[in-house]
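Below is one structure, written out as structure tokens, with a few remarks after it.
Rule-based calculations on the coordinates, nothing more; no lab input. Everything numeric here is computed off the predicted structure, so don't read it as measured data. Glycine also receives a Cβ, built like all others from the backbone with ideal geometry; neighbour counts cover every protein chain displayed.
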Amino acid sequence: MRFLKSFPATNPLSYQYVNSIVQDANGFMWFGTQDGLYRFDGHDFKHYHHQIANSQSLAADTISSLLISQQGHIWIATRGGGISILDQSTELFTTLSTSSKTPPLTHDNVNVLLEDSRGNVWAGTEFGLNHITKEQNTYSITQHVQQLGNPKSLATNIVTSIMETDSHEIWIGTSGGGISIFDLDGQFIRQFTPNQENSDKHNISLISSLLEDHQKNIWIGTVENGLFKLDTTSNVITQFKYDSQQKHQFTSDNIEEIFEDSNHRLWIATDKGFLVKSSTHGPFKAYNQSTSPYSLNNDFVLTFFEDNEKMIWIGTYSGVNRWDPLMTTFKQYNALRYPQLTEDITTGFAQDSKERIIFSTYSSGIFQLSLVDNTITLLPNTEFFKDMRIMTLFSDSNYLWIGTRTKGAYKLNLANGDITTYRHNVDNPNTISANSVTDIFKDNYGFIWIATFHHGLNRLNNDKSITRFIKDDVISNSGPSSNHILQIEADRTGNLWLATYGGGINRFNYATETFTHLTHQPDNQNSISSDLSWVLFFDDRDNLWIGTQSSGVNLLTAENIKLERFEFTHLGVKDGLKSRTIYGISQDRHGKMWFSSNKGISSFNTSSKVIQHFDASHGLEDLEYNHASVFISRSKTLYFGSAKGFVSIDPSELTPTKTPPRVKLIDVLSLNESISKDYSISELTSVDFSYSDRLISFKYVGLNYIDPSSTRYKYRLLGFDKEWIDAGSSRRATYTNLPQGDYQFEVIANTQNNVWSAPSIQLKVHVKPAPWFTWWAYLLYALLTALLLIGYTRFINKKVYIEQQQKLELAQQVKEKTQEFLEKNVELQQANKQLENVATIDKQTGLFSRTYLDIYIEQSTLLLSQLHKNILPIQRQLLPRLYTLMISLAPEHQSKILEIADLLLYSRNTDDLVVRWSDNAFIIIGYEKDDNARELAQRLTQRLQELLKNEQLPSISFTFYPFDVEQPMSLSWEQIGVLTETANTLVSKSNKLNWLGLYSPVSQPFNYLDILQLDDKSKLTQLIRTKQG
């Protein structure tokens, strides 16, 4: 039995003496201790204790028993204070004691409480029994004490246990007097006495606990005389006592409590641990404290309780333990349990028969796990491998293949121990390509394949030759995308699939012996999420699952594989995985996928998309699992290898996914102060706030007693929030300055399975309007507004009449002036258009003039300057630049200037601007795209040669703005123009150059003046990147 991890040391449930445990209708847990009463919601405690000056506080701090009545009140039996009754709606206590004005209790040391089937309460004290009834809010107490000489009275006054049987008899257990039996009216029936045969053998007098089980057997716990079972059918009593020869059967004769859970397990609390009887004829099994944080806190066990989620709470002398029968637990195999495993790191599994599982460790050999008696022994004939670093195993009929990290692969004959070695030999190409073996696989055609981490893939052929498949940078599809191959799988068609480290996944086509490489594409969200692919797995529907490093799980569906549409679906932390790195993948018989990682093990329901995570609370002693160390046996049991041995689980034993926790409201605050109330906050259905309540908060909790920290919340205020607010693990929602109106506050919760609860809090919220927003305020506003409107209307009517007269006079004047201005405006527009045409159009060529260029350049350079200023330097490389290409003509070209102008117009790039720069020069301006400026210079040179034939060619040069993208504002447009002319001068002086382009500075810093002083092109190229032709 594995308990949930003990509460931390600061939690009262880790150290308090807990005598009684109950759960109320709202789901809160209550604990009776020696330090008062505690209410627990999974996170926080509410502590009730005795206050001397407050008569409505807890009567005493030492609590012996708790009871939740049918009315929902909490009855508290105390030592020294009598009985306190807590009304949760008022949080006030009513006390019944020896000092009560109504018939008092027989004694203030109350040991036990019971509510019978009629709703009446029985209280056993250190001096007598009390039968408590309530009529019209008044308690009535009937006392029962021992009457010497009266056999029809209580056998003795110290009452320790009370029970109601199925036949509605009240059994009273006493200390020293055995058991007295009453009816529901409080009338004595009989004294329980065993038959003569039993009375000779058993002393049943010091009673500590009573229980009637589901089969109507009566169980009687005693002090120092063990446990008795009374078969009410045969009236036979069986005694269970401590026997030093059978320590695992019964541990102590001092019984503290007897309890039966909903699955009819019988729990026995003793001062030396506790015992559990799981079946009618089964033995008792003892549980005691150990050093494990998942064991019992203390061996002195006092009480048991089963909550609404079937979890068992165990109160001890020092704290509380919890056991969840629905918690999935893994079987653990490690050196602690099996000392023969001197090395815990488990790397591989294989199975050659239904009686055993073979597994390898990293450096201590190969072992076998017997599935008959669960023992582990060294696999016969494997001493040779004891010190090898084994990476993988593969079972092939009577042979076991072993892959090692540095010593190649081996084939072991399990029958006679013969070993065949496969190792790399640099002088022999008919050996495997490397000794670092990562996987061994047998394909659909019977060939054995050996994957290596450093040098590709190997196929063992039938003629004993070996074919190597190595990465080929020239003919890429003739080899894998990476020589680091981690795993091999085959699809239904027989093609192989490879997981590689650094090269994504590969598909090997058997027919063509070629590889298809599927790698991560940053610009394609449907590509595989990472090139670091660790593992592969084909499920029962032929879908391919890929586990990666740091990028989660990828799914390539069977349909996409068939259509060769390599689009992947991704599964990651946002979907519920605990880790982004996946070491192993498998599938159980129910179709669930299983993933091992460096943060435990997870299962994934492919239908509901629910992920269930398993960690230390499920029996995992290590959360770091090994690469490809996952295996499913012939019996469909799953095995996972880790750094501390391995674990196994039968998926058929998995418990259903737990429902999300109920969420309860625990406080409503205004300005961080709890609102005053005369009701239980958890039963609150509506709340009103004043307009002055500017800061409103709601505190809530999801009742998750297994792992409270895993609970996540969402909330919303209907009428205000448009969607759910993800609160994470926060248990508080705050709103400021809510407008007046009606709202509804709702909260939902989930744990690890991504299934959200229905809203269990639906609190109606009403925010009252401010006085100036009430109906009578609006009525007053309406009356005042009406009076103002009447007065204002009269004033406006008079004013409008005067203004209409003035408007008629002005209208005539405006009409006359408007006509006059229209005539002048037409004349002005015609004159401006003529001036503009004269200024911006060259008369001779019809091209734009230099004046137009100045306007254009001013706008373009301003735009480019702003763009380059407002982006990062690395982004400037992506922006286009403005190029300026200058064509300088010789005097003999003037006769063909119109033809040259036409040539420039039809040779330019699309959207380029052609300008007459001067009498003997043209400029073409455009935006840089690829290398279009160079291409334009070449095109013009060729076409000018065709036009001018044997005449001297014009000089062509071009530059860019900005010239230096790292310092875009270092040169102005005017300086760029000077650079262009300088380059043009160098071309005109050279007999070898037709054109010259200046692109950017070679290095920093760049001095513009140095360029102007150059007269040699060879020196120019030392300062500026150029292209020429």
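Points worth noting:
- Simple rule: put +1 on each Lys or Arg Cβ and -1 on each Asp or Glu Cβ in the chain, find the dipole, and look at 402, 151, 611; the Cα lying farthest toward the positive end is 402.
- Exposure proxy shown here: for 694, 731, the number of other Cβ atoms within 10 Å sets the order, fewest to most, as 694, 731.
- Cross-link partners of residue 636 among lysines, defined as those whose alpha carbon lies under 17 angstrom from its own and excluding same-chain residues fewer than eight positions apart: 331, 354, 592.
- Centre separation in Å (Cα based) which lies between region 548-621 and region 92-107: 62
- Between the listed residues 963, 364, 1022, the Cα displaced farthest toward the positive end of the dipole of the chain, a dipole computed from Cβ unit charges relative to the Cα centre, is found at 1022.
- Taken about its Cα centre, the chain carries a charge dipole of about 1460 debye when Lys and Arg each add +1 at the Cβ and Asp and Glu each add -1 at the Cβ.
- The HN-Hα couplings worked out from phi for region 1011-1021 by the Karplus form 6.51 cos²θ - 1.76 cosθ + 1.60 (θ = phi - 60°) are 5, 5, 8, 8, 10, 10, 5, 4, 6, 4, 5 Hz, whole numbers, x standing for Gly and Pro.
- Label selected from (1) 248; (2) 457; (3) 317, the criterion being volume of the Cα convex hull per residue in Å³ as computed here: (3)
- Rounded to the nearest 20, the Cβ-based charge dipole of region 663-771 about its Cα centre (Lys and Arg +1, Asp and Glu -1) stands at 160 debye.
- Over 20 Å [Cα-Cα, region 663-771], rounded percent: 38
- Segment residue 770..residue 563, full-extension length gain: 67.8 nm, with 0.36 nm per residue of separation and the alpha-carbon distance subtracted.
- Mean Cβ count within 10 Å, highest first, over the residues of peptides 905-913, 543-551: 543-551, 905-913
- Cα-based helix-to-principal-axis angle, 775-840 vs the chain, degrees rounded to 10: 30
- Along each principal axis, taking the top coordinate minus the bottom one, the Cα set of region 439-555 gives 45, 36, 23 Å in descending order.
- Likely footprinting exposure, 505, 802, 900, fewest C-beta neighbours within 10 Å first: 802, 900, 505
- Eligible aspartates and glutamates near residue 407 by straight Cα distance, threshold 15 Å, same-chain separation 8 or greater: 387, 439
- Restraint check, 229/285; 272/310; 229/277; 949/989; 5/578; 386/442, Cα-Cα greater than 23 Å: 272/310; 386/442
- Cα-based convex hull volume of region 387-621 per residue, rounded to whole Å³: 154
- Calculated [θ] (222 nm, deg cm²/dmol) that DSSP helices of n ≥ 4 give over the chain, each run adding -39,500 (n - 2.57): -5000 deg cm²/dmol
- Spatially, region 347-379 and region 720-740 are offset by 56 Å when compared through their Cα centroids.
- Compared with the dominant Cα axis of the chain, that is its longest principal axis, helix 850-869 is turned about 20°.
- Take the Kirkwood radius over Cα pairs of region 49-192, plug it into Stokes-Einstein at 20 °C and 1.002 mPa s, and you get 141 µm²/s for translational diffusion.
- Residue exposure sequence - 701, 301, 223 - by fewest surrounding Cβ within 10 Å: 223, 701, 301
- Rounded to 5, the percent of DSSP beta bridges in region 493-543 classed as antiparallel: 100
- Whole-angstrom gap from region 433-455 to region 224-294, using each part's C-alpha centre: 57
- Charge dipole of the chain about the Cα centre (unit charges at C-beta), most positive-ward option of 904, 514, 953: 953
- Degrees, to the nearest 10: 897-907 long Cα axis against longest axis of the chain: 20
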